[in-house]
Each structure stands twice: as structure tokens, then as C-alpha cells.
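Data first, discussion second: the structure below is written as C-alpha cells.
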Amino acid sequence: MSIGKFVLNVVVAFVAYGVLYTLGQMAFADQFSATVAATNPEGLGALAYHGVQTIVVVWLFNKAVGSGDMKAGAMFGAMVGLYLLASDAVWFETLKDFPGDARMVLGVMHLVVGAIVGVLLAFMQGKGWGSAAEA
């Protein structure tokens, strides 16, 4: 595995996650505005945790897919999105009055964004920019 390519993949995936989730929050501003009372704005700590999540996603992609197969990349990303959906749902259930429509929108966003990032990682691998070990 190339460390330089691994870092490149992490940076590209991190930026893609950020852009896609921001666009989703803008598109569904009404649903997300209802969550303001139940959440804190993201700070540097949250960004650091998102960075750790992205490192794990890229590492897992290399182990689970490790190829330029975009269909496999999409399925991998959707499964990561499903995991995030379920993880979020666990703590959403513990929050009083967390809006149900925001839960649904965020869940769908996890699945769609995950699939897109999985395809992006597979695309990069297929172009020789991926960090999976060469076979």
C-alpha cells in the first residue's frame, strides 16, 4: 500500500463527504433547521472525528473492495452508509423530540453519500490513484 496514495484517498473522500453532506443539508434546510435545538454546531473536534471515520472507510475499502469495480464500490459505500444510519439512529432514539423527518433525510443521505464515495474510491483505484495493494 502506498502511504501517499492512502493520504490522497483520505483527503479526497473527506472533501467529498463534506461537500455532499453540505449540499444535502442545504437541499433539506427545513428538516435540518428543526434539529438545531437538539444538536451543537460542529467544531474542530467533530471534524477530527470525521477525519478518523474517513481514514477507516478508506482502509476498509482497500480490504473489502480494493479494485476499480464501481458496482462493488457503490455497494461498499451503501453498506458504510447503512452502518452510519444505524449508528445515528441509536442516539437519535435517546434524544427527546428529535424530528423524525430529519432522521429520515439524514438516513437517506448516509446511504446515497456512502455509495457516491464508494464509487469515487473505486474510480480512483481504477485510474491508478487508489491506495489498495497492487495484485
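Below 8 Å between Cα atoms, with a sequence gap of 6+, how large is the relative contact order for the chain in percent?
So the answer I get is 42 percent.
Quick one: 70, 1, fewest Cβ neighbours within 10 Å first, how do they rank?
1, 70
Give the longest segment of the chain that steers clear of trypsin sites (Lys or Arg not before Pro) in DSSP loops with at most 11 neighbouring Cβ atoms within 10 Å, not counting the sites themselves.
Formally, the longest exposed-site-free interval is 1-95.
Quick check: the angle from helix 70-92's long axis to the longest principal axis of the chain, C-alpha only, nearest 10 degrees?
For 70-92 against the chain, the angle is about 30 degrees.
Between residue 64 and residue 29, what's the calculated FRET efficiency when r is the beta-carbon distance and R0 is 41 Å? Round to 0.05.
The value I calculate is 0.75.
Taking neighbour Cβ counts within 10 Å as the exposure measure, how do 32, 61 sort from fewest upward?
On the way: 32 18, 61 28.
The fewest-first ordering by Cβ neighbours comes to 32, 61.
At q = 0.29 Å⁻¹, what is the log10 ratio I(q)/I(0) for region 76-135, with the Debye formula run over Cα points and no solvent?
-1.08
As an exercise, take the mean of 1/r over every pair of distinct alpha carbons in region 3-126, invert it, and state the Kirkwood radius in angstroms.
In region 3-126 this quantity evaluates to 15.0 Å.
Run the simple label-point estimate for residue 88 and residue 101 please: 7 Å along Cα→C-beta, distance reported in nm.
Simple spin-label model gives 1.6 nm for this pair.
Between residue 49 and residue 36, what is the label-to-label distance in nm when each label sits 7 Å out along the Cα-to-Cβ direction?
The answer from the label model is 2.2 nm.
Values in this text are rule-based calculations from the coordinates and carry no lab data. A quick note: this is a predicted structure, and the numbers were derived from the prediction, not measured. All Cβ positions, even for glycine, are placed from backbone atoms using ideal geometry, and neighbour counts span all protein chains on display.
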